[in-house]
Structure formats: structure tokens, C-alpha cells
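K.L.:
After the C-alpha cells below, expect a handful of questions from me.
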């Protein structure tokens, strides 16, 4: 499988990954976790659980309120 630059890919079943860089080399970020068994809605850089959450996040990004301040305890 070929993955273009600046593109995320979700890997499926298996326990190995093989990466081959072209002549210019490559920088990668590989993350792993246990399955959350939750729905995934993905649009550009935004990953949420539902399309409704995606629409809200995009609206928040457009009006400058996407980044929330952490609640202090």
C-alpha cells in the first residue's frame, strides 16, 4: 500500500509494519493502542465519534472556539 505524504492511515489486523522510504527519506509517526470499540468519524485533521461532532468541531474551528481551556480542579 502506498501512503502519500501528510496522510494518516489506519492499519488493520496484523502484528508487523514494514515501511520503505523513497530517495528523499521519510519522517513518520506510528501510534498504537488497544481498540476503543467506538465509532470513528474522520474529516481532515478532526477525528470524533459522529458526523454531528465533526460538524460541531468544524464550526468551532471556523469561529475560533475549537481549542477549549482546561478546567481547573
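K.L.:
Here is a check on your reading of the model: is residue 28 under 19 Å from the mean Cα position of the chain (by Cα) and exposed (fewer than 10 other Cβ atoms within 10 Å of the Cβ)?
P.N.:
The answer is yes for residue 28.
K.L.:
Right, here's the next one. Please find, within segment 40-70, the residue that is farthest from residue 10 (Cα to Cα) out of those that are touching a strand residue (DSSP E or B) at 6+ places or on another chain (Cβ under 9 Å) and loosely packed, with under 13 Cβ neighbours inside 10 Å.
P.N.:
52
No value in this document is a laboratory result; all are computed from the given coordinates. Keep in mind it's a predicted model, so treat the numbers as computed, not measured. Reconstructed Cβ throughout: ideal geometry from the backbone, glycine too, with neighbour counts over all protein chains shown.
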